[in-house]
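To keep things clear, I will list the structure first and then write my remarks on it.
The values are calculated or read from the model by the stated rules, or taken from the named source; none is laboratory data. Please read all numbers here as calculations on a predicted model, not as lab measurements. Every residue, glycine among them, receives a Cβ derived from its backbone with ideal geometry; neighbour counts consider all protein chains shown. The accessibility values were calculated without ligands, DNA or RNA, using every heavy atom of the protein model including side chains. Shrake-Rupley method; radii C 1.70, N 1.55, O 1.52, S 1.80 Å.
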Amino acid sequence: MEKVKDSKAAHWLDKLQVEAEPGLTNTQLMLANFDLKPVEPERRQWGAWNFVGFWIADSFNINTWMISSSGILNGLAWWQSWICVWDNIPNSLPESSGTNTRDFTSFFLFWLCSLPAIWFPVHKIRHLFTVKAYFVPTAGVAFFIWAIVRARGIGPIVRQPSKLHGSVLAWEVVKGIMSSIANFATLIVNDPDFARFARKPRDAFWSQLITIPVGFAVTSFNGIIVSSSSSVIFNEPIWSPLDLLKLFLDHNGSTGTRVGVFFISTAFALAQLGTNIAANSVSAGTDMTALMPRYLNIRRGGYICAAVGLAMCPWNLLSSTNNFTTYLSAYSVFLSSIAGVIICDYYWVRRGYLQIRDLYSAKKSGPYYYTLGVHWRGYVAYIAGIAVNVVGFAGAVGTKVPIGATYIYNLNFFCGFIVAAAVYYALCRLSPIPATSDHWLEVGDDVRNGSLAY
């Protein structure tokens with residue numbers, strides 16, 4: 001045993017360990033680190049306006065813009081859908097790659113520029129969203145006005161009729177709504193990663209309650225009108241704002257057009273940077289930290305996420321509106337089930353009550369050890385929430401399935417959420433769990449210095 005402790009492998013494992021507070025046992029080191037422990041008052045630096053800026057910034061991104069504008073391509077009128085670089089680089093990549101040299105180079109440069117932003121801790125990154133909240137919506141409004149002017153007014157845009165009617169129209173609207181929910185489903189699940197840094201509970205509550213629906217509605221409306229304007233200007237709907245900017249440039253390469261395209265493109269790049277940090281880097285970093293806190297923190301997890309993001313060839317997801325919406329729906333199937341279990345557990349089963357130190361304990365007598373260290377009720381409910389949608393998902397990717405399964409899948413987020421929450425609640429009633437309360441009993445400000453040492 002002593003040889004193992006003195007080996008080179010053990011030496012490098014010690015070097016790889018993240019910084020931890022003194023006094024923790026080896027078991028605790030495998031369950032907690034600085035990024036995972038309760039947030040002490042000194043790090044609670046997110047005020048109400050930081051959350052406003054965060055959601056204004058995060059709602060304005062290319063995904064949100066394209067979700068509703070893709071509804072135009074599927075036959076919806078503009079109001080129905082709302083309810084719900086340059087070519088100079090020679091291509092050296094094969095068609096099977098799903099991209100070309102120009103687009104891959106642009107993606108790689110964006111990916112490279114994202115890496116420094118991952119370095120900053122979560123309670124400091126709020127400044128990025130403040131800058132984005134001012135700059136990006138301004139560019140979006142400019143693009144909106146520019147498109148209307150090119151279409152010779154908003155009249156020709158809004159007068160375009162719907163191509164769908166009856167139940168087909170109704171289900172297309174439902175699918176549009178589900179795609180919109182899927183767009184920020186990841187933020188529904190990982191919002192606590194940011195809300196935990198709020199100065200006071202109301203700083204996170206009211207600002208998000210108002211800003212989330214308004215921010216996403218305004219961005220979607222922008223995307224819809226601009227996409228609809230392309231039907232008037234170029235006689236075809238362009239669902240991607242970047243493709244539309246390219247057409248603007250191709251049809252009028254004046255100095256003013258080049259400056260406008262540069263300004264708006266830069267804004268979209270900043271928009272995607274902020275969204276990438278919020279929805280991907282921080283959430284993935286936090287999740288991976290929970291898996292191996294002795295060796296991973298949010299920063300390291302964020303860089304692992306960046307590496308995976310490059311390796312998975314994400315440009316294939318945007319190759320068509322069908323690929324894009326199918327990807328979002330699949331995403332929603334898994335996240336809705338997670339959200340159902342989490343929200344049911346906190347609000348209806350535990351009623352806000354948590355025994356903080358026991359969350360970081362591996363003692364068999366602890367209330368969170370469950371059965372051999374596994375909370376089987378949560379897993380069963382999670383699988384049940386996925387199962388209700390899995391047949392319909394098979395239909396979405398080309399397999400012939402019953403029409404009923406398709407209708408259920410069209411409501412994927414709601415179905416997954418409701419089924420997972422209901423199954424979890426029933427299982428916790430049939431097989432009660434410890435550390436619950438009969439009345440609302442949130443921890444609140446009981447956390448002081450955040451120490452986990454016994």
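What the table below lists for this structure:
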read-out	value
Qualifying position, being out of contact with any strand residue (DSSP E or B) (no Cβ under 7 Å at 6 or more places or on another chain), under 23 Å from Phe262 (Cα atoms), among the hydrophobic types (A, V, I, L, M, F, W, C) and open to solvent by less than 20 Å² (accessible area, probe 1.4 Å), among Ile225, Ile233	Ile225
Qualifying residue in region 48-56 (condition: within 25 Å of Ser106 (Cβ to Cβ), assigned by the TED database to the domain that holds Arg102 and modelled with pLDDT under 80)	no
Residue in region 214-228 that is on the phi > 0 side of the Ramachandran plot and assigned by the TED database to the domain that holds Ala290 present	no
Residue count, region 125-170 (criterion: over 22 Å from Phe60 (Cα atoms), modelled with pLDDT of 80 or more and either polar (S, T, N, Q) or surrounded by 15 or more Cβ atoms within 10 Å (Cβ to Cβ) (or both))	2
The one condition in (1) modelled with pLDDT under 85; (2) touching a Lys or Arg at 6+ places or on another chain (Cβ under 8 Å) that Ala198 fails to fulfil	(1)
Tally, over region 92-129, of residues that are more than 29 Å from Asn316 (Cβ to Cβ) and touching a Phe, Trp or Tyr at 6+ places or on another chain (Cβ under 8 Å)	3
Conditions (1) farther than 19 Å from Ser59 by Cα; (2) modelled with pLDDT of 85 or more; (3) not small (Gly, Ala, Ser); number of the one not met by Leu249	(2)
Test: Leu112 is modelled with pLDDT of 85 or more and under 24 Å from the mean Cα position of the chain (by Cα)	yes
